[in-house]
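Accompanying notes for the structure given below.
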Amino acid sequence: MRLRLRTKLVGSMLTLSLLILVVTTTLITQYSMDRLKGDAESYRFMVLGAFTMLSNSVLDTVRDGMSFLGRLLPRDDLSEVERERRVLDWMKSSDYIHKIAMFHPDGRRLFVAHWKEKQHKLTPPSRLSPAMMKRAMVQNTLYLPIEFGTDRKPYLPIVMPFLVDAKKKIVAYIWTAIDQTVLFKRMKNLVRRGQENLPIESLFLVDRKLRMFLHSHRKLSGFKPLSWFPKEMHNISKEGVKSQIVYKGEVEHQGEGFLYSAQFPPGSSYGMVVQQSVEGLEAFVGGVRIRALQVGGGFALVALLLGLLLGSRLAKPVVQVAEASEKVADGQFDVRVTVNTRDEVGDMARSFNVMAASLEGYRDQLIEETRIRTELGRYLSAELVEGVVDKKMEVKLGGERRKVTVVFADIVAFTKVVENRDPEQIVAILNELFTFFTEIIFKHGGIIDKFIGDCVMAVFGAPYGDEDDAINAVYAAEEMKRWLEVGNARWEKELGMPIEVGMGIHTGEALAGNIGSQKRMEYTVIGDTVNVAARLETLARPGQILMTAETVAEVEDEFECVSLGMHALQGREHTIELFMLAEE
C-alpha cells in the first residue's frame, strides 16, 4: 500500500510534534524536581545556619561565664566556701551548666562545684593530662569529644586555661560540660517547621568519629556509627576540623535515598547533619509529574485528531511554561502563566502557577520569620518570639488592657560612677550588667520593654501572663540584686566604688501593644502603672527594692515585706503606702 506524500508529511510532522511534546514534558518534570532539590538544599542550609547560631550563642555564653570565673576564682583572698558560692551564683542563671571543676597548673583537680546534681551525671576527670593542657593552651578553649553521663545524656566537656600576666603564666584550668539535650527541643521545632514547607526527615548531631549521639527522633539518640555516609566525611576523625567544613550530597541507606547537608564548625568536636527523604521530595512534585503526563496524553490525542492545525496552538502554552520555568530558575517566583484553556495544557499551567506561588510564599515566609525573630529577639524571650513566628501572637498596631507588674532597675548615683571614666569602659560595664539582667528577666518570664540610659524597664504579664507574674517579678529583682554583689567584686576594684541599683515594682492595669507605624513598631506598655513604678525607683536607696501595696498583696505569701509608711509621689495628689523587700 502506497502512502501519499501528504500523508507521509503529515505523519512525519505529527511524529515530530509528539517527540517535541515528550521531550518538553520530560524536561519540565525534570526541571521541577531539580529546582525543588535546589530549594530543599537551600532550606537545609538555612536550618543548619539557624542551628549554628543557636549553638554558637550557647558556647559564647558559656565561654563568657568561664572567663568571668577564671578572673575571679584564682584570687588568694577567696576561701573555698566563698569560691564555691560565687560559682553557684553564676550557675543559677545558666540553663546549660550545672557542674564546674578547677584544676592546678600541674593537672591536679582542686575543687568541684555542683548545681542541680541530680540532673548532671558526668564526672570531671581527677587530673588533666599534659597533652590536654597543652592543647587547651594553644586553642584557648578546648572542646573535648562528646561523652555520655550515667543518665545517658550527651555532654560537651570544655577546658579553658587562665593567665595572670603577659608571660602567659597559667594559674588555673577550668572544666565544665554543656548538656546537649538542651538543644533537643529546638531541633524538633526546626524539623517541625520544615515539614510544614519542605519535608525534612531528620536533624542530628555527630562527633568527629562520625557517630550520631543526638537525634531529632529521641529514640534514635545514642552513639551509632554512620557507616553509610561518604568516605570523605570519615576523614574528619583523622584530620580534625581546622576550618569550617560543609558537605552535601545524596546517600542510600536500607534501600531508601536521602539528601543531606552537614556542617562542622572550626575547632568543634561535633557537627550537624540535616537529612531529607528523596521519596518525600518526589511525592512533593508528584502532582506536577501526573499533570505533565496528562498533558502528554492530551497532546498526543489532539495531535492525532487535528494534526498541524491544532498542534501549533497547543504548543504555545508549553513554550510559555518553559519560559516561565527559566524565570523561576532565576528566582523570579512572582512569574505566572496565563492560559485560558480547560484542557490538560491549562491544568499544567495552573499547576505551574500553584508551584510558583508556593515557592514564593515559602520564600516570603522565611524572610518574614527571620525579620520578626531579629526584631523581637532584642526585647522578648525566645518563647515569645516563637509565639509571634507561629502566629499565636498577632503583630499589628494597637493593644489591649492587661494586668501587669512593671519593674524599674536604675543605677544609683550613675553620674558619680562615670565621672572621670572613659566612655568605652562605662559602655562595657553597662553592656555586661544589662546582659545578665536581661537573662535573669527572661528566665523568670518577663520581657525587656526598654533600656533608658543606665535604667532597665521590665514587664511581667504581657504579652502573655499568669497569676504568678508579680511573684516572678520580685524573684527577678531579688536575683538581680544577688548577682550584682558578685559583679561588684570586680567592678569595685576597677571603679573604686561598687555599683548600686535601686528598684521599683508596681502591679496594676496598663495598655500593652505595638506603638509606632506599619513599617517600624515597638511593643511596650503604657499607663499609670508604669509611672508609679518609675517614681518608686527614684525613691529607692542603693540596694533597696520598693513595692506598692498592690504588688505586696500578690507576693506576701512568698516574700517578707516591710511597710515604710505613706509617701507622696511626684505628680500625684494622694499619698500611697510603700513597702520594702526585707533583707535575707
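The values are calculated or read from the model by the stated rules, or taken from the named source; none is laboratory data. The shown structure was predicted, so the numbers you read here are calculated from the model rather than taken from an experiment. Don't worry about glycine lacking a Cβ; one is built from the backbone with ideal geometry, like all the others, and counts go over all protein chains shown.
Name the residues in the stretch 544-582 that are among the hydrophobic types (A, V, I, L, M, F, W, C), more than 18 Å from Asp528 (Cβ to Cβ) and assigned to a loop (DSSP other than H, G, I, E, B), would you?
Within the stretch 544-582, Phe559, Ala582 meet the criteria.
Yes/no matrix, rows are residues, columns are (1) at pLDDT 70 or above; (2) touching a Cys at 6+ places or on another chain (Cβ under 8 Å); (3) outside the structural domain of Pro463 (by TED's automatic domain parsing):
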position: Val388; (1), (2), (3): no, no, yes
position: Gly398; (1), (2), (3): no, no, no
position: Thr405; (1), (2), (3): yes, no, no
position: Asp410; (1), (2), (3): yes, yes, no
position: Ala413; (1), (2), (3): yes, no, no
position: Val427; (1), (2), (3): yes, no, no
position: Lys443; (1), (2), (3): yes, no, no
position: Ile447; (1), (2), (3): yes, no, no
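Out of Val562, Val501, I need the residue that is touching a Pro at 6+ places or on another chain (Cβ under 9 Å) and β-branched (Val, Ile, Thr). Which one?
Val501 is the lone residue from the list that is touching a Pro at 6+ places or on another chain (Cβ under 9 Å) and β-branched (Val, Ile, Thr).
Look at Val171 and say whether it is modelled with pLDDT of 70 or more, crowded, with 19+ Cβ neighbours inside 10 Å and in the same structural domain as Phe111 (by TED's automatic domain parsing).
It is false that Val171 is modelled with pLDDT of 70 or more, crowded, with 19+ Cβ neighbours inside 10 Å and in the same structural domain as Phe111 (by TED's automatic domain parsing).
Given (1) surrounded by 15 or more Cβ atoms within 10 Å (Cβ to Cβ); (2) under 23 Å from Glu439 (Cβ atoms); (3) without any contact (Cβ under 8 Å) to a residue 40 or more places away in the chain, where does Arg85 come up short, assuming only one miss?
All conditions are met except number (1).
Which one of Pro145, Pro105, Pro125, Pro161 is in a strand (DSSP E or B) and either in contact with a strand residue (DSSP E or B) (Cβ under 9 Å, 6 or more places away or on another chain) or of a type in the set (Phe, Trp, Tyr) (or both)?
Result of the check over Pro145, Pro105, Pro125, Pro161: Pro161.
Sort out which residues of the stretch 402-447 are more than 20 Å from Arg482 (Cα to Cα), loosely packed, with under 12 Cβ neighbours inside 10 Å and not β-branched (Val, Ile, Thr), and write them in order of number.
Lys416, Glu419, Asn420, Asp422, Pro423, Glu424 - these are the residues of the stretch 402-447 that are more than 20 Å from Arg482 (Cα to Cα), loosely packed, with under 12 Cβ neighbours inside 10 Å and not β-branched (Val, Ile, Thr).
Give the residue that is surrounded by the fewest Cβ atoms within 10 Å (Cβ to Cβ), with candidates limited to residues of the stretch 541-580 that are touching a residue at least 60 places away in the same chain (Cβ under 8 Å) and either outside the structural domain of Phe414 (by TED's automatic domain parsing) or of a type in the set (D, E, K, R) (or both).
The extreme case among them is Arg541.
Okay, residues lined up against (1) in the same structural domain as Arg402 (by TED's automatic domain parsing); (2) surrounded by 16 or more Cβ atoms within 10 Å (Cβ to Cβ); (3) part of a helix (DSSP H, G or I):
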{"residue": "Asp466", "(1), (2), (3)": "yes, no, no"}
{"residue": "Ala470", "(1), (2), (3)": "yes, yes, yes"}
{"residue": "Ala476", "(1), (2), (3)": "yes, yes, yes"}
{"residue": "Glu492", "(1), (2), (3)": "yes, no, yes"}
{"residue": "Leu511", "(1), (2), (3)": "yes, yes, no"}
{"residue": "Thr529", "(1), (2), (3)": "yes, yes, yes"}
{"residue": "Arg535", "(1), (2), (3)": "yes, yes, yes"}
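Within the stretch 170-181, identify whether any single residue is among the charged types (D, E, K, R), touching a helix residue (DSSP H, G or I) at 6+ places or on another chain (Cβ under 8 Å) and either in contact (Cβ under 8 Å) with a residue 60 or more places away in the chain or closer than 25 Å to Arg208 by Cα (or both), and answer yes or no.
yes
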